[in-house]
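Comments concern the structure below.
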Amino acid sequence: MIFLRSLIYQVLFYALLVFWILVAIPTLPLPPRFFMSVAKMWGTSSIWLMRVVCNTKFEIRGRERIPDGPLIVASKHQSMWETFALLQFFDWPLFIYKKELGRIPFFGWYLIKSKMIEVDRKGGVRALMDMSKRAAVAIQGGRQLIIFPEGTRRPVGAPPDYKSGVAQIYAMSNEPCLPVALNSGLFWPRRTFLRYPGTIVVEFLPPLPAGMDRKEFLPLLAERIEEATDRLVAEGRAEQAEIFGRVPDVAVKER
């Protein structure tokens, strides 16, 4: 049943993506916020679809901790799920994307239209510094940068691998940072199309104020995210054990 539900969701998920891409076409000549409204609807509809098809629910904690205005949102990254699910919580969200994605018809146009920050990963230190400067300027202009400090999706239970880029942007922007913990990798594991029933939990943690020393900031950020993520993962595994009588094999392999 999980295989069948996951297959149905996979097909409908991409059909829904195509639908919203087409819906967004009229926003191309309009101000960027019009497209962002469509992107948020895509995110919320994808979450709804996952609940209906896969019985995967969603719980949010600590929403009252989200400050208004310019912000760095530093999230744990276990799944594709958080790349669209977090959009709905922020007024004017911002992502950093690989330069190659900007060449994809429609998708790349929307990235450029919404003034996301591109980075040339082959450009070395100079390209990364330029990206950090542009991201800092965008944040100071009132946007909320959603960034994954480990750079890529990490398996559930894998040792943390936080990069210095988030600390660089934090120092240059001089704005607060909101840590985010989650357990999405238990229910939407990377490198498989299987989607598991249960409850994805996202928790917004107490913000780190602007102005901290970079050497203190990154270890504290990692500590807060990892401690909360471990707690949420333990909750998720307990829920899976109740549903299945055991933790699913894919989730075990992610340890």
Exercise for review: Name the one entry in R191, R143 that is under 30 Å from R51 (Cβ atoms) and exposed (fewer than 13 other Cβ atoms within 10 Å of the Cβ).
Suggested key: R191
Exercise for review: Name the one entry in E118, E150 that is of a type outside the set (G, A, S), within 18 Å of L221 (Cβ to Cβ) and touching a Lys or Arg at 6+ places or on another chain (Cβ under 8 Å).
Suggested key: E150
Practice item. Among the residues of the range 35-77, write down those that are of a type in the set (F, W, Y) and surrounded by fewer than 16 Cβ atoms within 10 Å (Cβ to Cβ). Key: W48
Review point. What number of residues within the range 67-88 satisfy the criterion of being over 22 Å from V233 (Cβ atoms) and either within 15 Å of the chain's Cα centre (by Cα) or part of a helix (DSSP H, G or I) (or both)?
Key: 4
Exercise for review: Just one of (1) surrounded by 14 or more Cβ atoms within 10 Å (Cβ to Cβ); (2) in contact (Cβ under 8 Å) with a residue 40 or more places away in the chain; (3) under 23 Å from E82 (Cβ atoms) trips up M131, so point out which.
Suggested key: (2)
Review point. Can you tell me how many residues in the range 194-222 are assigned to a loop (DSSP other than H, G, I, E, B) and either surrounded by fewer than 21 Cβ atoms within 10 Å (Cβ to Cβ) or without any contact (Cβ under 8 Å) to a residue 24 or more places away in the chain (or both)?
Key: 10
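Values quoted throughout were computed directly from the atomic coordinates according to the rules given, and no laboratory measurement underlies them. Remember, predicted model here, so these are calculated numbers, not experimental data. Because the Cβ atoms are built from the backbone with ideal geometry, glycine has one as well, and the counts that use them run over all protein chains shown.
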